[in-house]
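Structure first, commentary second.
The values are calculated or read from the model by the stated rules, or taken from the named source; none is laboratory data. Note that the structure is predicted; figures quoted are calculated from it, not measured. Cβ coordinates were reconstructed from backbone atoms using ideal geometry, including for glycine residues, and neighbour counts include every protein chain displayed. Accessible surface areas use protein heavy atoms only, side chains included; no ligands, DNA or RNA. Shrake-Rupley method; radii C 1.70, N 1.55, O 1.52, S 1.80 Å.
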Amino acid sequence: MNRRSGEGHSAGVPITSYVLKVASRCNLNCSYCYMYNKGDESYLDQPRMMSDDTVRALLTRARTHCLQQGLDSVIFSFHGGEPLLAGVDFFRRFVTAGTAILGESVKPTYVLETNGTLLTREWLDLFCDLNIGFGISLDGPPDIHDRWRVNHAGIGSYRNVRRAIDLVLSDRRCDGLFGGVLSVIDLAGDPLEIYQHLREIGLPRCDFLLPDGTRDHPPPGVMLDRPQTPYADWLITIFDRWFDSQDTSFSIRLFESIIGLLFDPDGGNDCLGGGSNGLLVIETDGGIEPVDVLKICGPAFTKTGLNVARNEISDVYSIDLVNLYLRGATAACDICQDCAVFPICGSGYLPHRYASWNGFDNPSVYCRDLMKLITHIRDRVLTTIPPETRQKLGLMPLSFAQALAALNTSRLAWPTGPTTPRAALR
């Protein structure tokens, strides 16, 4: 399908954040990785590193877009692959070029996500010198982390990652830069053991990520025609321990996002809530693409044919797949919009809605899990609020059973297979 029809034009959604694939290779070979182990091998056609020419073109296009949209700031997120493979000098050149090209009109914020295995004191010096915020990936204790996060020889990476985290936590300069860890959920791991391990390390914050999957290839443990909610049950175990502790020194982004959306529906992100998503990915060759996790939908699925060397950022508004992502929850299917938890769920993450038979016109593969988690957190939080305040805010208790029953008794069927084929958005 031609993705350049321009239908659903989203020129009103400014691009405020760029995920930069500064390195298209990785020194790890994590089995669940959406970049390398979900069937899309288009990275093999990419340069291994982003060139200085591409950096300058990107910064110039980003500045133009910011000025066109009336933006005075922009976020650059260094990503990969493993971004540290680009080397210390690359980041110094990037920030120097950013200062020169963006000038005083646009203020950049720099962040970086690393697997941690290459992190040294020299890198921390760089982050502090250039004010680059950063996060590290850690899935839990050694037996959990090393099950998935291995190098290309199959050797686990926990030891090196833990060394990096200890280095960061011992350096007070990093207190305002270190964003904590990202942990992909492993249902085989004891949730409380993993939670306790992250606490014992001394981390300030973490976020739990759902493994990526589509309706064609559901994540481990998810069966679309069964009522089980394994990921909600896993997360609820941690939430209850965390919530009952009332310890504000340890932050869990997923839970805090859900709580925040109870009171501020406009405070969402691309995984939860109803907001639009002003994010693009720039590949090492300068290719302009929608969010990178869409690679799980098929080989070269995210390729738009646009490049910062020859296209303005605003050219993405002619690409249907980009528009779909930028629109956020407004692009959700009718089933989701009829659901009681939709204002918080926002239909979940766009890649998790995909099916080859009807594109993205589906609830998330995590629909029941999200519904159960949200209703549980909602009701736990509401018990801490006086009844008169709950009534004033319009927040009444809602159980998972009530929310699920309301959805199942609607006029809409729950799609679990290609019963009504449509052309997929490709």
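One table, with the values for the structure above:
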quantity: Relative packing of 394-403, 338-347, which averages over residues the other C-beta atoms within 10 Å, highest first; calculated: 338-347, 394-403
quantity: Spin-label model distance (nm) - Gln228 vs Cys128, 7 Å beyond Cα toward Cβ; calculated: 4.8
quantity: Apportionment of accessible area to carbon and sulfur, the chain, percent (1.4 Å); calculated: 51
quantity: FRET efficiency, 1/(1 + (r/R0)^6) with R0 30 Å, evaluated for Asn269 and Ser105 via beta carbons; calculated: 0.65
quantity: Once the Cα gyration tensor of region 124-282 is diagonalised, semi-axes √(5λ) in Å; calculated: 26, 22, 18
quantity: Quarter of Cα convex hull surface for region 292-407, i.e. mean projection, nm²; calculated: 9.5
quantity: Reciprocal of mean inverse Cα separation for region 1-151 (Kirkwood radius, Å); calculated: 17.2
quantity: Mean Cβ neighbour count within 10 Å, used as a protection proxy, ranking 380-391, 144-155 highest first; calculated: 144-155, 380-391
quantity: Convex hull (Cα only) mean projected area of the chain, reported in nm² to one decimal; calculated: 20.5
quantity: Per residue accessible area of the chain, 1.4 Å probe, in Å²; calculated: 42
quantity: Burial order of peptide ranges 365-372, 291-298 (average beta-carbon count within 10 Å, highest first); calculated: 365-372, 291-298
